[in-house]
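Before any comments, here is the structure.
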Amino acid sequence: MGIQGMELCAVAVVILLFIAVLKQFGILEPISVEDGGDVEVELAAARHQPEELEQLLARTKFSRRELRSLYRGFKSECPSGLVDEETFTLIYSRFFPQGDASAYAHFLFDAFDADRNGALCFQDFVLGLSVLLRGTVQQKLQWAFNLYDINKDGCITKEEMLEIMRSIYDMMGRCTQPALRDCAPAEHVELFFQKMDRNGDGVVTFEEFLDTCLKDEDILSSMHIFEDAL
């Protein structure tokens, strides 16, 4: 598998791999017609009590039935209601036995851990999933930008993007063809900044990131291919 264009196509990679992780957790299960109102009771009785169903309905783009199905899958795999980074990384790494996914899993975990408490709960999963599957193109791109903006200061530096690119190359490992050169991550960072850093000030703002992505047909098409995953 090649990584040419990864500096732009990583948005789709994020969505695809996150959905794969959720399926591994058992969270994305087919919606059963038997899902009933007892889920509201289960939500209230959960060990780590999530937001009430009505609040999640208001904050996401999922239906009542979809939220019930998502919660059943989450509860069956995460009885405590929380997933720590170590567990998340172990499950994520199963998809990349040929490489080291720990660094990329760390960045992805941080992107979903909105309150920075070191654990992902049902709300974290479902709010992030709502953006990735049902959000607007701009909302999805904002989420991806926040992933790359490691220190959350509102811009992406070359150092941050190099960390992300190295983590992607480490994760893909031996499945990349042709074999990767040591300088490849740095070269992709330079390509990224040539395309994104419109004013040449050495950082990429969200406005620059958004403007470039909205003009790229491959990225725009990738924003929609997972909308029916649930």
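The values are calculated or read from the model by the stated rules, or taken from the named source; none is laboratory data. This one's a predicted model, so the numbers in the text were calculated from it and none came from an experiment. We place every Cβ from the backbone using ideal geometry, glycine too, and count neighbours over all the protein chains shown. Protein only, heavy atoms only, side chains kept; ligands, DNA and RNA dropped before computing areas. Shrake-Rupley method; radii C 1.70, N 1.55, O 1.52, S 1.80 Å.
Just a few scattered comments:
- Residues in the range 170-198 that are acidic (D, E) and modelled with pLDDT of 85 or more: D170, E187, E190, D197.
- Residue within the range 199-206 that is buried (at least 18 other Cβ atoms within 10 Å of the Cβ), at pLDDT 90 or above, polar (S, T, N, Q) and over 18 Å from E159 (Cα atoms) present: no
- Qualifying residue in the range 62-77 (condition: in contact (Cβ under 8 Å) with a residue 12 or more places away in the chain, in contact with a strand residue (DSSP E or B) (Cβ under 6 Å, 6 or more places away or on another chain) and open to solvent by 20 Å² or more (accessible area, probe 1.4 Å)): no
- When the range 120-154 is filtered for residues that are free of Cβ contacts under 8 Å to residues at least 40 places away in the same chain and either touching a Pro at 6+ places or on another chain (Cβ under 8 Å) or more than 19 Å from I168 (Cα to Cα) (or both), the ones remaining, listed by number, are L120, D124, V131, T136, Q139, K152, D153.
To keep it simple, each residue is scored yes or no on (1) under 26 Å from K152 (Cβ atoms); (2) of a type in the set (G, A, S).
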residue: L70; (1), (2): no, no
residue: I91; (1), (2): yes, no
residue: G99; (1), (2): no, yes
residue: H106; (1), (2): yes, no
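- Test: residue in the range 37-54 that is modelled with pLDDT of 80 or more and surrounded by fewer than 17 Cβ atoms within 10 Å (Cβ to Cβ): yes
- Some residue of the range 83-94 being among the small types (G, A, S), within 16 Å of the chain's Cα centre (by Cα) and open to solvent by 20 Å² or more (accessible area, probe 1.4 Å): yes
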